[in-house]
Every structure is written in C-alpha cells, then in structure tokens.
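The values are calculated or read from the model by the stated rules, or taken from the named source; none is laboratory data. Note that the structure is predicted; figures quoted are calculated from it, not measured. Counting neighbours? That spans all protein chains shown, and the Cβs are built from the backbone with ideal geometry, glycine included.
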Protein chains: 2
Amino acid sequence: MKIIGVQDYYADDFAKCYGCGRLNHKGHQIKTRWDGEETLSTYTPKPEHTAIPGFVYGGMLASLIDCHGTGSAALAFAKENNIELTEFNAPRFVTGSLKVNYLKPTPINCELQIRGKIKEVKARKIITEIELIAKGEVCVSGEVLAVLIPDNFGK
Amino acid sequence: MKIIGVQDYYADDFAKCYGCGRLNHKGHQIKTRWDGEETLSTYTPKPEHTAIPGFVYGGMLASLIDCHGTGSAALAFAKENNIELTEFNAPRFVTGSLKVNYLKPTPINCELQIRGKIKEVKARKIITEIELIAKGEVCVSGEVLAVLIPDNFGK
C-alpha cells in the first residue's frame, strides 16, 4: 500500500526537499501522517547510512527528526485551521531549531518509527516532541520548533 | 591539495560513518582539522541536498554539525592527552546530543565552513560550540556533546 504523507500535498517548489520532497528522487522521501493523536513517519535506513557498523548515522537520525517535525507542524496547522489537505495546499513549515538526544545506538537493519506529539501551536510556530523507535525501543528523542515559511524566505 | 582530517586517523571500523568515514564511499567524507584555536571542516553541498530550491536541507546541515562535533572532540581529546595523531590511533567520539539553530537560509551554491570552539573537556565528554558559515555569514549555530565511545557500545 502506498503511504500518503502531508508531504504529498506540498506545492511543487516545496516538494524538492532532500529529506521529504516527493520530487527529490535522490532524497529520503519521508512521509508524515496522523496515527491517532500522534504523528508518524517510518523509514528503513540504507546500508550506507552507517555510523559505527550495525548502527544508524546520527546525522541521518537528525534528518528524520527534522522532516518529521516540519511535517508534523504542517499536519497540526491544517487541523488547527480546518484546512482539508488536498493537492497541493499543505502549509509549509521550515525548521527554526532542532534538538536531538541519542539515548542508545539505533540498529540499522530494521524499520524505524518516528512518532511526534504536538506540544505547542502558535499562529506561525509549532513545537513537536519526537521519539524515534527501533525494535520497540526509544533510541533517540528530539524536539523541533518549526516556523511557517515566510513570504520573503531567503530574500 | 588533499585535506587531511582527524577522521583519516580513525581505525577502520570507526571509519565507515556516512558523515565522515574515509571508507564510506557513498557518504559525505567530512574532514575536521585545527585552524588556530578553532576546528574547521569544509563542505560543498550537492544539488540534491536542497530544502527549498536554492537553500541547503536542514538535515544535511545537522549532519555537518554532528560530524564536526565528534571530529572536534577527537582533536581536543588528542591535544589534551598529548596524543600525536597517526594511522590509526585517533580517539573516536560519538554524539550524545545535538542542538541546531537555523538562523537564516543557507545558500546551496557555495562552500560551507563549519567552525568549532571547544567549550568543555572532561575525561570522556567534550562539548563543542559550532557555527556554519556561507559566503561570510553565520547561517546556522549549534552545539554537540560528544562522548568517547564506550568499549561496550551497542552491546
């Protein structure tokens, strides 16, 4: 079954992200959706995403937390503002800050679950608390402050 | 001129990291060295490392900060303990926690400098404050707490 994430509803120019853009065919194509009150992404690392052999690279784990945070913010913003997601109206958030705690080494040979709890929703800023789970154990925790992309982004 | 980083002195099993392992040919091969009292890595993103077109993906920036932090810790530990680095005796640190602040969008079409200041050196934990600079401007700041890899890592 094809997983549909909020990232499938970003406008084309917002869908080129290496982490989660459906139009970036060299990227990770992370997809984030609701799972009850939590947000969920899943990802199976490639063999090259190694840190120490057998375990996932910390930068890859930070990348998963990063895009899960912006995706979760988009979902939460749409819910808060009663926006029905469709092609291609999803709000686009960018990361303001990221915290990652590596609690234990993350095994590389399995699917990872990245789960978010929406902690705070303001007009343009959303904070998500995130846990990354491998084989039933929380290996990484993190927090993402995501900001609704300003009209003058990068100008 | 070939840049030599502390990562060139990791033992083989510690040199497979996607971010900085000299033996990971699909990875970023980040190399970290001293530049006066600071530590320095440089990296030119590939076109696919996009966030919003024209700017670097936040997960890639977090990856650069991550490996720069563990590399800086290895350099600082060697200095503190009067270890002369050679093949393949470099101490190996792993990331305990990572903080990243995205201050402004990072342009993708240039070499990035990642600069570290060693903030704290304990027996097995080293904290590095890091700035990521593009075209003379600090675009990202961060902090890495790195931990000397324990003998029972992942066991």
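Only residues that are at positive phi and within 13 Å of the chain's Cα centre (by Cα) were counted across the stretch B:1-36, and they come to 1.
Could you tell me whether B:Ile65 is under 16 Å from the mean Cα position of the chain (by Cα), within 30 Å of A:Val147 (Cα to Cα) and assigned to a strand (DSSP E or B)? Here the answer is no, as B:Ile65 does not meet what is asked. Among the residues of the stretch A:74-96, those identified as under 18 Å from A:Ala11 (Cα atoms) and within 13 Å of chain B (Cβ to nearest Cβ) are A:Arg92, A:Phe93, A:Val94, A:Thr95. Within the stretch B:23-37, being among the small types (Gly, Ala, Ser) and more than 10 Å from chain A (Cβ to nearest Cβ) holds for one residue alone: B:Gly36. Working only within the stretch B:120-155, note down all residues that are acidic (Asp, Glu) and within 13 Å of another protein chain (Cβ to nearest Cβ). Of everything in the stretch B:120-155, those that are acidic (Asp, Glu) and within 13 Å of another protein chain (Cβ to nearest Cβ) turn out to be B:Glu137, B:Glu143, B:Asp151. When the stretch B:89-127 is limited to residues that are hydrophobic (A, V, I, L, M, F, W, C) and surrounded by fewer than 19 Cβ atoms within 10 Å (Cβ to Cβ), the one that is nearest to B:Thr70 (Cα to Cα) turns out to be B:Val121.
Results for (1) free of Cβ contacts under 8 Å to residues at least 60 places away in the same chain; (2) surrounded by fewer than 24 Cβ atoms within 10 Å (Cβ to Cβ), shown as yes or no for each residue.
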| site | (1), (2) |
| --- | --- |
| A:Gly21 | yes, no |
| A:Thr42 | no, yes |
| A:Ser63 | yes, no |
| A:Thr70 | no, no |
| A:Ala73 | no, no |
| A:Glu87 | no, yes |
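Output yes when any residue across the stretch B:128-137 is loosely packed, with under 15 Cβ neighbours inside 10 Å and either part of a strand (DSSP E or B) or within 14 Å of the chain's Cα centre (by Cα) (or both), and no when none is. Within the stretch B:128-137, one or more residues are loosely packed, with under 15 Cβ neighbours inside 10 Å and either part of a strand (DSSP E or B) or within 14 Å of the chain's Cα centre (by Cα) (or both). When restricted to residues that are of a type in the set (S, T, N, Q) and touching a residue at least 40 places away in the same chain (Cβ under 8 Å), the stretch A:23-40 contains 2.
Among the residues here, A:Lys79 qualifies as in a helix (DSSP H, G or I), surrounded by fewer than 17 Cβ atoms within 10 Å (Cβ to Cβ) and modelled with pLDDT of 95 or more. Does A:Ile65 satisfy the condition of being in contact with a Leu (Cβ under 7 Å, 6 or more places away or on another chain) and farther than 14 Å from A:Ala134 by Cβ? No: the conditions fail for A:Ile65. Quick one: would you say A:Pro47 is over 20 Å from B:Ile52 (Cα atoms), within 14 Å of chain B (Cβ to nearest Cβ) and either at pLDDT 95 or above or not in a loop (DSSP other than H, G, I, E, B) (or both)? Here the answer is yes, as A:Pro47 does meet what is asked.
Condition first: of a type outside the set (Phe, Trp, Tyr), touching a Leu at 6+ places or on another chain (Cβ under 7 Å) and under 22 Å from A:Val100 (Cβ atoms). Can you find one or more residues in the stretch B:105-113 that meet it? Checked the stretch B:105-113: at least one residue is of a type outside the set (Phe, Trp, Tyr), touching a Leu at 6+ places or on another chain (Cβ under 7 Å) and under 22 Å from A:Val100 (Cβ atoms). Among residues of the stretch A:97-119 that are within 9 Å of chain B (Cβ to nearest Cβ) and under 17 Å from B:Ser63 (Cα atoms), those with a Cβ under 7 angstrom from a residue that is at pLDDT below 95 and part of a loop (DSSP other than H, G, I, E, B), sequence gap 6+ or separate chain, pair up as A:Pro105/B:Phe153; A:Pro105/B:Gly154.
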